[in-house]
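Structure record follows, encoded as structure tokens.
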Amino acid sequence: MFSFKEYSQEILATIILLFVLVSLRVITAKLIRRFAKSSHLLEHRTNLVIKCIHILMNILVTISLIVIWGVDTKDIFITVSSIATVIGVAMFAQWSILSNVTSGVILFFSFPFRIGDTIKIHDKDFPIEAEIEDISAFHVNLKTKEGEKIIYPNNLLLQKGISIMPTPHEEREFFD
């Protein structure tokens, strides 16, 4: 028979952990949104980064709950290593997807260029000069002066040299 007194420490630790999870999710979301607002980042990119961080937090809390409820460490190690092996094999087959998502997160935080910037990608075989139309988790949408649309993977943006072309701006008079 289940007794609350018998599992009172585990129940209390679970409640505290879930409270900490909810608090951390709210705090990190606010911090990332504040960073995105100050950097003038797009909402869907901000939501993507928040979602990735929340998934990581959920995984850590799940592991913590398993430890709190007394699952044998040996069993946890076997389970985690089995899952890591399966995920590792699957991700090795899909390394480019993982690489693009990771690059998308790096581009989000370092943000060397913005939507509307014209960039030149220094590729020996296929140099590209185009305007950035959108930046997503996997790729960047580019548009050349000729109107050609190019979808360029995020991981290649981090591997290639890129120049941000100066944008022509009109002369203005400034008044005090």
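The values are calculated or read from the model by the stated rules, or taken from the named source; none is laboratory data. These numbers were taken from a predicted model, which means no experiment stands behind them. A quick note on method: Cβ atoms are made from the backbone with ideal geometry, for glycine too, and the neighbour counts reach across all protein chains shown. Heavy atoms of the whole protein, side chains included, go into the accessibility calculation; ligands, DNA and RNA do not. Shrake-Rupley method; radii C 1.70, N 1.55, O 1.52, S 1.80 Å.
Taking the condition of being in contact (Cβ under 8 Å) with a residue 40 or more places away in the chain and open to solvent by 30 Å² or more (accessible area, probe 1.4 Å), how many residues in region 148-159 meet it? Number of matching residues: 2. For region 109-120, check the following and say yes or no: at least one residue is open to solvent by 30 Å² or more (accessible area, probe 1.4 Å), at pLDDT 85 or above and more than 28 Å from residue 38 (Cβ to Cβ). No: zero hits. Checked across region 127-147, the condition of being surrounded by 13 or more Cβ atoms within 10 Å (Cβ to Cβ) and without any contact (Cβ under 8 Å) to a residue 12 or more places away in the chain holds for at least one residue. Looking at region 110-119, can you tell me whether even one residue there is in a helix (DSSP H, G or I) and either touching a Ser or Thr at 6+ places or on another chain (Cβ under 9 Å) or on the phi < 0 side of the Ramachandran plot (or both)? Yes, region 110-119 has at least one match. One residue stands out in region 72-97 among those that are open to solvent by less than 70 Å² (accessible area, probe 1.4 Å) and at pLDDT 75 or above: the one that is nearest to the chain's Cα centre (by Cα), namely 84. Looking across region 23-36, the residues that are among the basic types (Lys, Arg) and free of Cβ contacts under 8 Å to residues at least 12 places away in the same chain come down to 30, 34. Take region 40-71 and flag every residue that is more than 16 Å from the chain's Cα centre (by Cα) and assigned to a helix (DSSP H, G or I). Selection gives 60, 61, 62, 63, 64, 65, 66, 67, 68. The set of residues in region 23-52 that are surrounded by 15 or more Cβ atoms within 10 Å (Cβ to Cβ) and among the aliphatic types (A, V, I, L, M) comprises 24, 29, 32, 36, 41, 42, 48, 49, 50. Output yes when any residue across region 8-22 is touching a strand residue (DSSP E or B) at 6+ places or on another chain (Cβ under 9 Å), in contact (Cβ under 8 Å) with a residue 60 or more places away in the chain, assigned to a helix (DSSP H, G or I) and open to solvent by less than 90 Å² (accessible area, probe 1.4 Å), and no when none is. For region 8-22, residues touching a strand residue (DSSP E or B) at 6+ places or on another chain (Cβ under 9 Å), in contact (Cβ under 8 Å) with a residue 60 or more places away in the chain, assigned to a helix (DSSP H, G or I) and open to solvent by less than 90 Å² (accessible area, probe 1.4 Å): absent.
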